[in-house]
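Enquirer: Would you mind keeping the following structure in view while I ask a few things?
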Amino acid sequence: MTKEEFDILQKRCAGLITQEEVDSVIKWKKSKAEIEKLLDNCLAQGNPDNNFEVYFWNTPSDLSKIEDEELNRKYLLIDGHFEHENIASGFQTYFNNSQENVNILIQAIENVPKHLEPDDFKYPFIRKCIYAIGAQPEPENFKGLNLLTKSSDIQIKELAFHQIEKRKKRGYWEKEK
């Protein structure tokens, strides 16, 4: 990737140009392996200037939804960048059809990234993960939330109970009542 191409991606990341403008300049698309290499190299260098965000969200690719989901799973669980909350939200709204995501989201709750460790940041992140668990397929979502109700962390336990009750009120898990 040239400096000019990276600058274009940075502008897209900042919302200064449209995707169409990116596509008019950058004619290539990266594979999953190439994107992983970019991201891993960025993290190995300490994520200078938050370049992870630029690469993760804006690198032109030919990824399938499954490959994209695999990248999101991987980088939700890796420290060293600041996109965990946005990735977690994606599991609620976009990547919400896989039972495997429940375990990934529980791992994210159990291993909160360092920059989100203060309570003011930790619990909003955990809340997003719990909402994302609720959005995954049944009955695994219920099993995952039920597991979290046994947490020694009172706030995690309360958030999980709240999500279970909210989903039951909406008519989910009728057979569980």
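Read-outs throughout are calculated quantities, based only on the coordinates presented, and are distinct from any laboratory measurement. These numbers were taken from a predicted model, which means no experiment stands behind them. Cβ: placed from backbone, ideal geometry, glycine included. Neighbour counts: every protein chain shown.
Enquirer: Tell me the label only: which of [x] 2.18; [y] 1.15; [z] 1.07 is Cα Rg over 2.2 N^0.38 Å as calculated from this structure?
Expert: It is the one labelled [y].
Enquirer: Okay, next question. Label Phe82 and Asp153 with points 7 Å out from Cα along Cα→Cβ: what is the distance between them in nm?
Expert: 2.1
Enquirer: Taking amide H atoms as placed 1.01 Å from N in the peptide plane, list the residues 5 or more away in sequence, or in a different chain, whose amide H sits under 5 Å from that of Lys30.
Expert: Ser61, Asp62
Enquirer: So for the pair Thr2, Gln45, with labels modelled 7 Å out along Cα→Cβ, what separation do we get in nm?
Expert: 1.8
Enquirer: What is the gain in length, in nm to one decimal, between Glu138 and Trp57 on full extension, counting 0.36 nm per residue of separation less the C-alpha to C-alpha distance?
Expert: Extra length from Glu138 to Trp57 when fully extended: 26.3 nm.
Enquirer: 5 Å is the cut-off here: which amide hydrogens, built 1.01 Å from N in the peptide plane, fall below it relative to Val112, excluding neighbours closer than 5 in sequence?
Expert: Residues meeting the criterion, in which the H sits 1.01 Å from N, do not exist here.
Enquirer: Of the options Leu159, Thr149, Gln136, report the single residue whose Cα projects farthest towards the positive end of the charge dipole of segment 101-177 (beta-carbon charges: Lys, Arg +1; Asp, Glu -1).
Expert: Sorting the options by dipole projection puts first Gln136.
Enquirer: Just how large is the dipole of the chain about the Cα centre, in debye to the nearest 20, putting +1 at every Lys and Arg Cβ and -1 at every Asp and Glu Cβ?
Expert: So the magnitude is around 780 debye.
Enquirer: Here's something else I'd like to know. Of Leu16, Leu43, Leu71, which has the largest mean-square fluctuation in a 10 Å C-alpha GNM of the chain?
Expert: With Cα springs under 10 Å in the chain, the top fluctuation among Leu16, Leu43, Leu71 is at Leu16.
Enquirer: While we're here: For Gln99 and Asn111, calculate 0.36 nm times their separation in residues minus their Cα-Cα distance, and state this gained length in nm to one decimal.
Expert: 2.4 nm
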